[in-house]
Amino acid sequence: MPELPEVTAIANFLDERTAGLPIRRVDIASLAVLKTADPPYTALAGRTVTSVGRIGKYLVITTASADDSEPLHLVIHLSRAGWVRWSENLSPKPPRPGGKGPIAVRVHCGLPGEGFDVTEAGTQKRLAVWVVTDPLDVERIAGLGPDALSLGRDELAQILAGSTARIKNLLTDQRVIAGIGNAYSDEILHRARLSPFATSKGLSDDQIDALYESIGAILRDAAQRLEGPGGVSTMKAEKRSGLQVHARTGLPCPVCGDTVAEVSFADRSFQYCPTCQTGGKKLADRRMSRLLK
């Protein structure tokens, strides 16, 4: 799933290529991805991209018109399997509506053939698109917590003190802290040497210090690594290369050499190092344990 570092890198990549370009046409391959009807997505045609930015894990493409009317924003949530592909050879034919291909949205901008596809792999289609005059009109954005990279240490401490949630759940709850998902929460907790099952309000001052430092270091390092010359085509590989515990079940921890362990539930899982994070203890898969009672 694209998280704060990937969405930041994608936003910067698109901003470099599209800012100042006119939008010639927007194609929606499936109306199911479009969550708004007014303004219509066709209103984006003829407008100029002024910037591409990020709010939490949402891409925000801001456009303006020649008559100085209010801006329109194309907001995209890539969900678990979405991505962006830039091309200088886009087909002029719209993607087949309702087709089984990965393309969800196609934006033609700049010269003929230039633009980008928003794609989604797999069969679970969760990618979402909005066209709004204000990003806060998107209910999910209006309900976001503070951005993970804007948090101060004291603000983080207040959030932790007010929650009884497991720290893994708190870090990935976008209503509490925006931008962190499953992969980077694993990396943050590993660096901070915290158990994913630790209770948020039970952390000591030293543990809060370690968590605060880890959030900033992990996210900023990842964002910097993803800003490589390969652009969006190499981001996924670059992300994987920088992970120390996430998606490394059964491999040695790069810090201590212990075997990375996993807790699985439903259709996802998380990874941790028993030696670094849980005093050598293996965590029980609590959801599965309940089912076995």
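The values are calculated or read from the model by the stated rules, or taken from the named source; none is laboratory data. If you're wondering where the values come from, they're calculated on a predicted model, not measured in any experiment. When we count neighbours, we look across all protein chains shown, and the Cβ atoms used for this are built from the backbone with ideal geometry, even at glycine. We work out accessible area using only protein heavy atoms, side chains counted, and drop any ligands, DNA or RNA first. Shrake-Rupley method; radii C 1.70, N 1.55, O 1.52, S 1.80 Å.
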Q. Is there a residue in the range 151-166 that is on the phi > 0 side of the Ramachandran plot and part of a loop (DSSP other than H, G, I, E, B)?
A. no
Q.
Anything in the range 180-238 that is in a loop (DSSP other than H, G, I, E, B) and either open to solvent by 60 Å² or more (accessible area, probe 1.4 Å) or within 22 Å of His77 (Cα to Cα) (or both)? List them, or say none.
A. Ile180, Gly181, Arg193, Glu227, Pro229, Thr234
Q. What is the number of the single condition among (1) modelled with pLDDT under 95; (2) in contact with a Leu (Cβ under 8 Å, 6 or more places away or on another chain) that Lys100 does not meet?
A. (2)
Q.
From the list Thr62, Thr133, Thr119, exactly one residue is in the same structural domain as Pro22 (by the TED database), among the polar types (S, T, N, Q), open to solvent by less than 30 Å² (accessible area, probe 1.4 Å) and in contact (Cβ under 8 Å) with a residue 24 or more places away in the chain. Which is it?
A. Thr119
Q) Among the residues of the range 4-27, is there at least one that is under 23 Å from Ile180 (Cα atoms), open to solvent by less than 20 Å² (accessible area, probe 1.4 Å), touching a residue at least 24 places away in the same chain (Cβ under 8 Å) and in a loop (DSSP other than H, G, I, E, B)? A) no
(Q) Can you list residue pairs whose Cβ atoms sit under 9 Å apart, with the first residue in the range 165-185 being more than 19 Å from Ala198 (Cβ to Cβ) and in the same structural domain as Asp221 (by the TED database) and the second being of a type in the set (Gly, Ala, Ser) and open to solvent by less than 10 Å² (accessible area, probe 1.4 Å)? Count only pairs 6 or more apart in sequence or on different chains. (A) Gln174/Gly56; Gln174/Gly181; Ala178/Gly56; Ala178/Ala148; Gly179/Gly56; Gly179/Ala148
Q.
So for the range 44-61 (the condition being more than 29 Å from His246 (Cβ to Cβ), in contact with a strand residue (DSSP E or B) (Cβ under 8 Å, 6 or more places away or on another chain), among the basic types (Lys, Arg) and assigned to a loop (DSSP other than H, G, I, E, B)), does at least one residue qualify?
A. yes
Q) Failed condition for Ala64, given (1) under 23 Å from Lys125 (Cβ atoms); (2) modelled with pLDDT of 95 or more; (3) aliphatic (A, V, I, L, M), with all others met? A) (1)
Q | Candidate set from the range 243-285 (those that are of a type in the set (Gly, Ala, Ser) and open to solvent by 70 Å² or more (accessible area, probe 1.4 Å)); member that is nearest to Ile167 (Cα to Cα) | A | Gly279
Q) modelled with pLDDT under 95, on the phi < 0 side of the Ramachandran plot and over 15 Å from the mean Cα position of the chain (by Cα): does that describe Leu74? A) no
**Q.** From Leu78, Leu156, Leu160, Leu127, residue being within 20 Å of Asp15 (Cα to Cα) and surrounded by 12 or more Cβ atoms within 10 Å (Cβ to Cβ)
**A.** Leu78
Q. Restricting attention to the range 39-49, does a residue exist that is at pLDDT 95 or above, in the same structural domain as Arg106 (by the TED database) and among the aromatic types (Phe, Trp, Tyr)?
A. yes
